[in-house]
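**Q** The structure follows.
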Amino acid sequence: FVGGDCYTGPKFAIDAIAAGREGAISLHRAVHEGQTLTMGRDRREYHMLDKNNVMIGVGGFDSEHRQVPGYNKAKAKTFQDARMTFTEEQVKKECARCLGCGVSVVDPNRCIGCGLCTKVCPAGCIHLENGKALRTGEGCQACLSCAHVCPEMAIQLLPAYGAAEPNPKARYRNPNVSLSALISSNWQCEDRESAHAEDKTTASA
């Protein structure tokens, strides 16, 4: 097994770290009988963002210049970091460059009570009530997993400032990540499993 600059030539340190991680995975698979070195690996196929098929508006994203931290001359020619922290005004301007993710809402007329949204939510802020999905709004990470897996598109995104969803039918899920893998990665603690059991009971009632 080989990786890093001796294989690729001079590159960044982070590339060498990534190669080391891939090498560790290959070594682990090589010493275990019946494992393959190719399945489930990063194929390094990168796709450009299709700005015409997104769920939230990106027209004003990153239109402002990035804020530059101040410089402390007293720390010049020392081993201390001479950069200063952002001022409150700089923090506000930097945060204003982000996309307005807004929140998601459930359309009870479309919801069929399948419960997929409750299983993929990493924050556990969606539950089934009377056979319909109910979003509590507490702890939402705006990952949009619920909206992307809903088979009936019953979960819609409401961007900031009350703007309508630019492409209400635009949905995406990584083809290399199965739904079962996505669900299992979000159900790793006992309280989430108990909440899942409650959802099942509510759905069957």
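Quick note: the coordinates plus some simple rules give every number you see, no bench work behind them. A quick note: this is a predicted structure, and the numbers were derived from the prediction, not measured. Note that we place each Cβ from the backbone using ideal geometry, even for glycine, and neighbour counts take in every protein chain shown.
**Q** Using the Karplus equation 6.51 cos²θ - 1.76 cosθ + 1.60 (θ = phi - 60°), what ³J(HN,Hα) coupling, rounded to whole Hz, does each residue of the range 12-22 give in order, writing x for Gly and Pro?
**A** Those phi angles translate into 6, 4, 5, 5, 5, 5, 5, 5, x, 5, 5 Hz.
**Q** Under the Karplus relation 6.51 cos²θ - 1.76 cosθ + 1.60, θ = phi - 60°, what is the ordered set of whole-Hz ³J(HN,Hα) values for the range 81-92, x standing for Gly and Pro?
**A** Each residue of the range 81-92 in turn: 6, 7, 6, 9, 6, 5, 6, 4, 5, 5, 4, 5 Hz.
**Q** Next question, about the same structure. Exceeding 32 Å between C-alpha atoms, which entries from my cross-link table qualify? They are 11/93; 119/169; 132/169.
**A** On the way: 11/93 34 Å; 119/169 22 Å; 132/169 21 Å.
Exceeds cut-off: 11/93.
**Q** By counting other Cβ atoms within 10 Å of each Cβ, how are 145, 178 ranked from fewest to most?
**A** Final ranking by Cβ density, sparse to dense: 178, 145.
**Q** Whole-Hz Karplus ³J(HN,Hα) for the range 34-40, in order, using 6.51 cos²θ - 1.76 cosθ + 1.60 and θ = phi - 60°, x for Gly and Pro?
**A** Once θ is set to phi - 60°, the couplings for the range 34-40 become x, 8, 10, 8, 10, 5, x Hz.
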